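Notes to accompany the following structure.
The values are calculated or read from the model by the stated rules, or taken from the named source; none is laboratory data. Computed from a predicted structure; not experimentally measured. Here the Cβ positions follow ideal geometry from the backbone for every residue, glycine too, while neighbour counts run over all protein chains shown. Remember, those area values only see protein heavy atoms, side chains included, never the ligands or the DNA or RNA. Shrake-Rupley method; radii C 1.70, N 1.55, O 1.52, S 1.80 Å.
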Amino acid sequence: MKFIRILVFTLFVAPFASFGASSDFMLAAQLLAAAKAADIQQVQALVNNGANVNFVDATGLSIVCTALMNNDVRAAQILQMYGADASNCDRQIKKYNNKN
């Protein structure tokens, strides 16, 4: 019986334990990709479905700062249209560059 409980937990509960963090990152990655492609409809759909335009990843960079760091001004502008805050990008990019 104990084996069955462990099996049920492993199959059904464990995969969703970190779902929130992974889901946020995946939405942010999709949002950045859509902005880079200038797919405004996809950006809007992702934002409407809960994508955080101010998501900050494990490196300390927000989506809009990542776009600016990669010289993708068009993507940064699209993200800002949907509320992304680029005011801390200089600080975030300097901090990122000092780590690496």
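Is it the case, given these coordinates, that residue 30 is over 26 Å from residue 99 (Cα atoms), assigned to a helix (DSSP H, G or I), open to solvent by 60 Å² or more (accessible area, probe 1.4 Å) and modelled with pLDDT of 90 or more? In short, no.
Residue-wise test of (1) closer than 20 Å to residue 22 by Cα; (2) of a type in the set (S, T, N, Q).
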site: 40; (1), (2): no, no
site: 45; (1), (2): yes, no
site: 75; (1), (2): no, no
site: 80; (1), (2): no, yes
site: 85; (1), (2): no, no
site: 88; (1), (2): no, yes
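Residue 54 fulfils the conditions (1) open to solvent by less than 40 Å² (accessible area, probe 1.4 Å); (2) touching an Asp or Glu at 6+ places or on another chain (Cβ under 8 Å); (3) of a type outside the set (Asp, Glu); (4) not in a helix (DSSP H, G or I) except for a single criterion, (1). Taken over region 70-93, the criterion of being open to solvent by less than 30 Å² (accessible area, probe 1.4 Å), outside any loop (DSSP other than H, G, I, E, B) and either out of contact with any strand residue (DSSP E or B) (no Cβ under 8 Å at 6 or more places or on another chain) or closer than 15 Å to residue 29 by Cα (or both) is satisfied by 75, 76, 78, 79. Here is the figure for region 25-80: residues that are under 21 Å from residue 95 (Cα atoms), in contact (Cβ under 8 Å) with a residue 24 or more places away in the chain and of a type in the set (S, T, N, Q) total 4.
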